[in-house]
1. Residues Leu5, Leu54, Leu86, Leu68: which one is touching an Asp or Glu at 6+ places or on another chain (Cβ under 9 Å) and hydrophobic (A, V, I, L, M, F, W, C)?
2. I need the full set of residues from segment 76-97 which are over 23 Å from Arg139 (Cα atoms) and of a type outside the set (A, V, I, L, M, F, W, C), in order please.
3. Hey, among Thr77, Thr104, which residue is surrounded by 12 or more Cβ atoms within 10 Å (Cβ to Cβ), modelled with pLDDT of 90 or more, hydroxyl-bearing (Ser, Thr, Tyr) and closer than 24 Å to Ala45 by Cβ?
4. Going through segment 94-123 one residue at a time, which ones are more than 11 Å from Ser64 (Cβ to Cβ) and not in a helix (DSSP H, G or I)?
5. From the list Leu86, Leu10, Leu23, Leu96, pick out the single residue that is of a type in the set (A, V, I, L, M) and at pLDDT below 80.
6. Is it the case that some residue within segment 66-74 is in contact (Cβ under 8 Å) with a residue 60 or more places away in the chain, over 46 Å from the mean Cα position of the chain (by Cα) and in the same structural domain as Lys132 (by TED's automatic domain parsing)?
7. Would you be able to say whether some residue in segment 114-121 is within 20 Å of Ser78 (Cβ to Cβ), β-branched (Val, Ile, Thr) and in the same structural domain as Thr77 (by TED's automatic domain parsing)?
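The values are calculated or read from the model by the stated rules, or taken from the named source; none is laboratory data. What you see is a predicted model; the values in this text were computed from it and never measured. Virtual Cβ from ideal backbone geometry, glycine too; neighbours counted across all protein chains shown.
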Amino acid sequence: MMDALGVLVLVIVMFGVAALTMLVVGAVKAARTVAAKVEHHEANARRAVENATLKAKTFTKPGSQGQLSSVRLSLRTSLDSTRKVLEGGLSQDGQLTESLQLLTRLDAHAAELDGELRVLEREPDQRRIAAKLPELRERAERITHSAESMRWAAQDRMRRFADDELARLSAECESEAGALRHWDAAPAADAAPAASASTSAGSAGSAASDAHSAGAAGEPRKGVSGGTHLSAEELLGLGEPLARLAQRLRKPSVG
């Protein structure tokens, strides 16, 4: 009895430990997820503030400082727009995964260039800024062009898929509309056999009429105006008496 009770207590303790462990693991995962979301939102907020600052510097600071801010702003805007387009179409087109990987590598080069531009913004020597700016702008234009090429290609690809899907959907809708209008096809189908039967009956009637006319023309007509002409004596039944009378008249008289 004591052994069974000990086993039961051990099982309960193990179950409690397992449940506690699961709760701890779940809490840790939830905390990490919340921390990741908070960090992501903080990064987005910080980047939005930096972009707003760069846009303000572009309009407020003349000369090389304003040009540096303009280059940094155009670089960030191009990469952010491309990332939004690729991530938005990833759920419908898995091939965009490779494009996102290339954009990540491109983003690393952009971050390095942005760091150089940030350092150059704090450079007091305007001549050095003027000397380095063309090279940095050229690198930024290359990165921006690559990002824009992928963004435009992804947009064209998604539009092409949408057009193909719309064409298939339109064909299916037309087919369904034809199926719903089945009553238009039914009378036409019934009228065709009726017309065929009427035509057959008319042909049969014409053939019978022609046959009857042919038979009547081939058979000699009987009657007064028929093919056999009767004399007046035959019609009156006097043929035989008249013949006898004629024979008597031809005999020579005796005496």
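1. Working: Leu5 fails: touching an Asp or Glu at 6+ places or on another chain (Cβ under 9 Å); Leu54 fails: touching an Asp or Glu at 6+ places or on another chain (Cβ under 9 Å); Leu86 fails: touching an Asp or Glu at 6+ places or on another chain (Cβ under 9 Å).
From the options Leu5, Leu54, Leu86, Leu68, the qualifying one is Leu68.
2. Hits for segment 76-97 are Glu87, Gly88, Gly89, Ser91, Gln92, Asp93, Gly94, Gln95, Thr97.
3. Thr77
4. If the condition is that a residue be more than 11 Å from Ser64 (Cβ to Cβ) and not in a helix (DSSP H, G or I), then Gly94, Gln95, Arg122 are the ones that fit.
5. Leu10
6. Yes, segment 66-74 contains a residue that is in contact (Cβ under 8 Å) with a residue 60 or more places away in the chain, over 46 Å from the mean Cα position of the chain (by Cα) and in the same structural domain as Lys132 (by TED's automatic domain parsing).
7. no
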